[in-house]
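Have a look at the structure below before the remarks.
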Amino acid sequence: MTANVDPGGCVVRLGPADADRYSDHLMRLDQAARRMRFFDDVPDFQVLLHAGAALADGRVVIGYLADGEIRGGCELLLRDPQQHAAEAAFSVEAEFRRRGIGGRLMAAMIAEAHRLGLRRIEMSCLKSNLPMQALAARFTSDLRQDGETTLAVLANDAALPG
């Protein structure tokens with residue numbers, strides 16, 4: 001169990017005014033973390049464009065703040081409004097991993113999804129991303145292997161558990 005969460009950190013919903021800090025967070029991800037987050041080696045300009053779009057296009061972005069800096073994030077993108085379905089993606093900087101931050105972000109994301117009336121959240125990760133699979137397995141038993149990716153599905157007929 002990972003119970004050693006940074007006591008000074010907090011989980012908050014980010015808005016457009018946080019675009020620079022969110023960009024800074026994504027830019028601090030090491031190359032391996034970028035590959036895990038974006039499924040490819042992406043150049044800096046693409047990371048910067050992604051961060052700006054994430055906070056401007058209506059998706060929910062939840063951040064883990066420590067000492068005024070965003071050190072982890074979760075994006076929740078509505079994919080199919082009629083099916084109440086969304087896709088989620090996570091990132092935590094290397095020196096902040098294994099402290100329970102991913103679990104806190106996941107719990108906050110599920111609470112937000114519940115508030116929005118979502119019934120299904122999908123999280124894709126590379127098959128080699130064992131930490132993300134372990135995190136997802138704490139919240140769902142529905143993990144599916146498909147080639148080089150793993151899909152985790154959090155679903156409920158009425159609304160997500162929260």
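Side notes on the structure shown:
- Filtered by the rule that a residue be outside any strand (DSSP E or B), surrounded by 14 or more Cβ atoms within 10 Å (Cβ to Cβ), small (Gly, Ala, Ser) and at pLDDT below 85, the range 129-162 gives a lone residue, 159.
- Any hit, the range 32-50, residues being modelled with pLDDT of 85 or more and touching a strand residue (DSSP E or B) at 6+ places or on another chain (Cβ under 9 Å): no
- Pick from the range 44-67, criterion more than 16 Å from residue 33 (Cβ to Cβ) and touching a residue at least 40 places away in the same chain (Cβ under 8 Å), ranking: most open to solvent (accessible area, probe 1.4 Å): 67
- Matching option when the condition is assigned to a helix (DSSP H, G or I) and closer than 19 Å to residue 137 by Cβ, among 49, 105: 105
- Filtered residues of the range 90-101 (kept if open to solvent by less than 20 Å² (accessible area, probe 1.4 Å) and touching a Gly at 6+ places or on another chain (Cβ under 8 Å)): 91, 93, 101
- If the condition is being over 14 Å from the mean Cα position of the chain (by Cα), touching a residue at least 12 places away in the same chain (Cβ under 8 Å) and within 11 Å of residue 155 (Cα to Cα), then the range 115-141 contributes 118, 119, 120, 140.
- Search result, residues across the range 104-119 that are open to solvent by less than 70 Å² (accessible area, probe 1.4 Å) and among the charged types (D, E, K, R): 112
- For residue 33: the one exception among (1) touching a helix residue (DSSP H, G or I) at 6+ places or on another chain (Cβ under 7 Å); (2) free of Cβ contacts under 8 Å to residues at least 60 places away in the same chain; (3) part of a helix (DSSP H, G or I): (2)
- Qualifying positions in the range 19-30 - open to solvent by 50 Å² or more (accessible area, probe 1.4 Å) and either under 17 Å from residue 61 (Cβ atoms) or without any contact (Cβ under 8 Å) to a residue 40 or more places away in the chain (or both): 20, 21, 24, 27, 28
The values are calculated or read from the model by the stated rules, or taken from the named source; none is laboratory data. The model shown is predicted, which means the values in this text are computed figures rather than measured ones. All Cβ positions, even for glycine, are placed from backbone atoms using ideal geometry, and neighbour counts span all protein chains on display. We work out accessible area using only protein heavy atoms, side chains counted, and drop any ligands, DNA or RNA first. Shrake-Rupley method; radii C 1.70, N 1.55, O 1.52, S 1.80 Å.
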